[in-house]
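Here the structure comes first, spelled out in structure tokens, and everything after it is commentary.
The values are calculated or read from the model by the stated rules, or taken from the named source; none is laboratory data. These numbers were taken from a predicted model, which means no experiment stands behind them. As a convention, Cβ positions derive from the backbone with ideal geometry for all residues, glycine included, and neighbour counts pool all protein chains shown. Remember, those area values only see protein heavy atoms, side chains included, never the ligands or the DNA or RNA. Shrake-Rupley method; radii C 1.70, N 1.55, O 1.52, S 1.80 Å.
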Amino acid sequence: MCQGNDKSEIIKLENVSKSFSKELILDDINFTFKAGGFYSIIGKSGCGKSTLLRCLNGLEILDQGRIDVNGIVLENNPSDSDKKNLLENCQKVRKYVGMVFQSFQLFPHMTLLDNVIKPQMIVNKINGEEARVSAMRFLNKVGLSSHQEKYPYQLSGGQQQRGSIARALALRPKIMLYDEPTSALDPQLVDEVHQVMRDIDHDSMTQIVVTHEMRFAREIADIVIYMDKGKIVEAGDPDEIFSNPKEELTRQFLRKFL
């Protein structure tokens, strides 16, 4: 499904495969993500969605193939026996790619404000005052500036997840990845996190979300990707995917929700 080389490509996957304990999780995936797009990845549990995200930011090392992220290539080259070049490139990629996980992963011993300040000082090498100004900007963006001095245990699940998004945004990524960002939340808190993601979409940042929330996937995405057994079965306009999918596997999956 690669769509050709042009300036708007920000991630390109070529023949990407990944196995765990000899079980094939990603099976020869080819796909191109365009800069500024919002992509929703849907599919059954265990189909490879989360593994794909983790390969995109170097948290998992692909077995075969090639991933180009904003000009940085991740490739498991046999000649790179100690994987030094690959691991260095994984580190470089993470400067451009933010990730929000299912669990909120805020540091429990730090206030919300410090949770957003400290990573900027470490990753972006900026001073404390500059990091503080930036942190307040992004806490305000996600509606949490009044909670800056609270610790994670004093926040609701939705507030913690919004805090995680603010922390990721403060690192100024070009790409944001979300791995089931609302799966650990009570239903009444899901919409507040979704709204933050909708607001970010106006900033022309590339966003890729793995989700089981079909309504959200359809409403927010520019492109919906359906995966099954480690393959991208179908990708396209949300209305087409949900109303008239081309592939029988996609139709079977969506019948459970529609």
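When the Karplus curve 6.51 cos²θ - 1.76 cosθ + 1.60 is applied with θ = phi - 60°, which whole-Hz ³J(HN,Hα) does each residue of region 71-78 get, with x for Gly and Pro?
Result, ordered by residue: x, 9, 9, 9, 8, 7, 8, x Hz.
Convex hull over the alpha-carbon atoms of region 1-138: what's its volume per residue in Å³?
Working: hull volume 22.2 nm³, N = 138.
About 161 Å³ per residue, rounded to a whole number.
Suppose R0 equals 41 Å; then what is the FRET efficiency for I61 and E248 from their Cβ-Cβ distance, rounded to the nearest 0.05? Don't skip to the end; give the middle numbers.
Numbers: r = 33 Å, r/R0 = 0.81.
Efficiency at R0 = 41 Å is approximately 0.80.
Determine the order of E219, E75 by accessible area, beginning with the largest, at a probe radius of 1.4 Å. It would help to have the intermediate numbers written out before the result.
On the way: E219 105, E75 80 Å².
Putting E219, E75 in descending order of accessible area: E219, E75.
Give me the three principal axis extents of region 145-203 from the C-alpha atoms, as integers in angstrom, largest value leading.
Projected onto the principal axes, the Cα atoms of region 145-203 cover 31, 26, 17 Å.
Based on the alpha-carbon gyration tensor of the chain, what equivalent-ellipsoid semi-axes (square roots of 5 times the eigenvalues) come out, in whole Å, largest first?
Working: eigenvalues 177, 112, 51 Å².
Calculated on Cα positions only, the semi-axes equal 30, 24, 16 Å.
Keeping all protein chains in the complex and leaving out DNA, RNA and ligands, what accessible area do you get for F107 with a 1.4 Å probe, in Å² to the nearest 10?
90 Å²
Would you check the accessible area of K95, probe 1.4 Å, heavy atoms only, in square angstrom rounded to 10?
130 Å²
I need the calculated FRET efficiency for the pair I126 and D199, taking r as the beta carbon distance and R₀ as 22 Å, to the nearest 0.05.
On the way: r = 24 Å, r/R0 = 1.09.
With R0 = 22 Å, the Cβ-Cβ based efficiency is 0.35.
So, in nm, how far is label D222 from label E75 when the simple model puts each one 7 Å beyond its Cα toward the Cβ?
2.7 nm
Which of Q207, Q105, Q120 moves most in a GNM of the chain, Cα contacts under 10 Å?
With Cα springs under 10 Å in the chain, the top fluctuation among Q207, Q105, Q120 is at Q105.
Report the accessible area of H109, computed with a 1.4 Å probe over the heavy atoms of all protein chains in place, in Å² rounded to the nearest 10.
The value for H109 is about 130 Å².
In deg cm²/dmol and to the nearest 500, what is the mean residue ellipticity at 222 nm of the chain if only DSSP H runs of at least 4 residues count, each as -39500 (n - 2.57), divided by the residue total?
-10500 deg cm²/dmol
Provide the percentage of antiparallel DSSP beta bridges, counting only those with both residues in region 126-258; round to the nearest 5. Present the calculation step by step, with values, prior to reporting the outcome.
Details: 5 of 10 bridges.
Counting only bridges with both partners in region 126-258, antiparallel ones make up about 50 percent.
Counting other Cβ atoms within 10 Å, keep those with at most 16, restrict to DSSP loop, and tell me which GluC sites (Glu not before Pro) in region 101-152 are left.
Numbers: sites: E129, E130, E149; in loops: E149.
Those satisfying the criteria are E149.
Restricting to the chain, what percent of DSSP beta bridges are antiparallel, rounded to 5? Intermediate results must be reported in sequence, preceding the final value.
Values: 22 of 40 bridges.
Rounded to the nearest five, the antiparallel share is 55 percent.
List the lysines whose alpha-carbon lies under 27 Å from that of K12, not counting same-chain residues fewer than 8 positions away?
Cross-link targets: K22, K34, K44, K49, K83, K84, K92, K95, K174, K229, K231, K246.
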